[in-house]
1. For a quick check of your reading: which strands (runs of 3 or more DSSP E) sit entirely within region 110-223 and have at least 2 residues that are surrounded by fewer than 24 Cβ atoms within 10 Å (Cβ to Cβ)?
2. Output the residues belonging to region 341-356 that are in contact (Cβ under 8 Å) with a residue 60 or more places away in the chain, surrounded by 15 or more Cβ atoms within 10 Å (Cβ to Cβ) and either out of contact with any helix residue (DSSP H, G or I) (no Cβ under 6 Å at 6 or more places or on another chain) or more than 17 Å from residue 202 (Cβ to Cβ) (or both).
3. Return yes or no: is residue 261 outside any helix (DSSP H, G or I) and either in contact (Cβ under 8 Å) with a residue 24 or more places away in the chain or under 20 Å from the mean Cα position of the chain (by Cα) (or both)?
4. Limited to region 347-373, what total is found for residues that are in contact with a strand residue (DSSP E or B) (Cβ under 6 Å, 6 or more places away or on another chain), more than 13 Å from residue 189 (Cα to Cα) and part of a loop (DSSP other than H, G, I, E, B)?
5. In this structure, is residue 110 out of contact with any strand residue (DSSP E or B) (no Cβ under 7 Å at 6 or more places or on another chain) and modelled with pLDDT under 95?
6. Since residue 391 meets every condition but one in (1) touching a residue at least 24 places away in the same chain (Cβ under 8 Å); (2) at positive phi, which condition does it not meet?
7. So, in region 365-423, how many residues would count as being over 23 Å from residue 67 (Cβ atoms) and under 17 Å from the mean Cα position of the chain (by Cα)?
8. Tally up the residues in region 378-398 that are touching a helix residue (DSSP H, G or I) at 6+ places or on another chain (Cβ under 6 Å) and either surrounded by fewer than 13 Cβ atoms within 10 Å (Cβ to Cβ) or under 28 Å from residue 191 (Cβ atoms) (or both), please.
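The values are calculated or read from the model by the stated rules, or taken from the named source; none is laboratory data. The structure displayed is predicted, hence computed values, not measured ones. Virtual Cβ from ideal backbone geometry, glycine too; neighbours counted across all protein chains shown.
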């Protein structure tokens, strides 16, 4: 295999390719799009999969998807040339099908890819996924679905218009324990919900938050395509061991902080079981918030109108990170000796209901506490589900997915409202989901990003 290189299209080539990638915004890609959930089978009847972001969680996603017997990995894109070469060897992908620039990947591999896995940093999710869907490609995208609220809305709308199979990468949603917890809440035996409390141990020990912008610069390593890593964000100098490959999560330009990183793993059960609609208010209390990074710790309250699950009464989801946890008084019926941080060091989702409290220790250890006798409930028989294979099967015309963008898009909007609340702490912010507006100029400025020149995507940023 020859040396993998960064493919830099000429100006005329890139102008043509940008036309191909953006023309879908004005309705010109209709003939390229498969019918909804139609079978996609390329090489020898197998699903041809391309991956953008092959390291970290991308390696896990690709390995899990490629383990399906119906999958053939046909193209790769990663900003780290060493990772790209290693992955290409592992999946027997030739050099001509390897790229460091996702734009060149999409422009060149149109007929050789049926489906795309997007496992980049958060800020690149929407630009890659939206353009892939506009080309009629099925998409598996890591959580959080997007970096801002407008992108989340666009991801859902483009997925619907493009008639492709989608799945957000929250594999714990398929966990038997989490599905059991959803069944408990959906059954109504614990009565109306009055509040949900969710906490995580992030970011401590994982990545920095609450710090000022790093100063100075270091030489860009020869194996890194820094231009493509920055992608749609504003250019900044490279700093060794500062952003890539993992610490970017705490930076406002690239990640969504502890809340954005973990909330999609915790909000899925409330979103589904309580049939959540858009929030109406958000209020944050934080420590050590800076202009470059997310706060070191925070408590965020996200308010909802009443619905059937709450007995018609308004209720809130409370989020805690950076070492904060719910006060014992906020979670009634849970014994004092039930040490949640010890039982679930990653965090927990706690439903406070009229007749009891249900605790889901991450990812799916379920406990029900009641003041009297536990309500009678016969749990359903739940078979194991492979979150990645479920997407592959749906792409090939068999079944549907549990976290399509029609579900994960609105859930991501809830999560990102919380992120905005943490970045604008103090007063309660009102959110109008229909108009996509906050009653606060600083909060409103975070709804949509302005992508930098050369990386703009029609209708997205």
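1. 193-200
2. Scanning region 341-356 gives 346, 347, 350, 351, 352, 353, 355, 356.
3. Against the criterion (outside any helix (DSSP H, G or I) and either in contact (Cβ under 8 Å) with a residue 24 or more places away in the chain or under 20 Å from the mean Cα position of the chain (by Cα) (or both)), residue 261 does not qualify.
4. 1
5. It is true that residue 110 is out of contact with any strand residue (DSSP E or B) (no Cβ under 7 Å at 6 or more places or on another chain) and modelled with pLDDT under 95.
6. Against the list (1) touching a residue at least 24 places away in the same chain (Cβ under 8 Å); (2) at positive phi, residue 391 comes up short only on (2).
7. 15
8. Residues in region 378-398 being touching a helix residue (DSSP H, G or I) at 6+ places or on another chain (Cβ under 6 Å) and either surrounded by fewer than 13 Cβ atoms within 10 Å (Cβ to Cβ) or under 28 Å from residue 191 (Cβ atoms) (or both): 3 in total.
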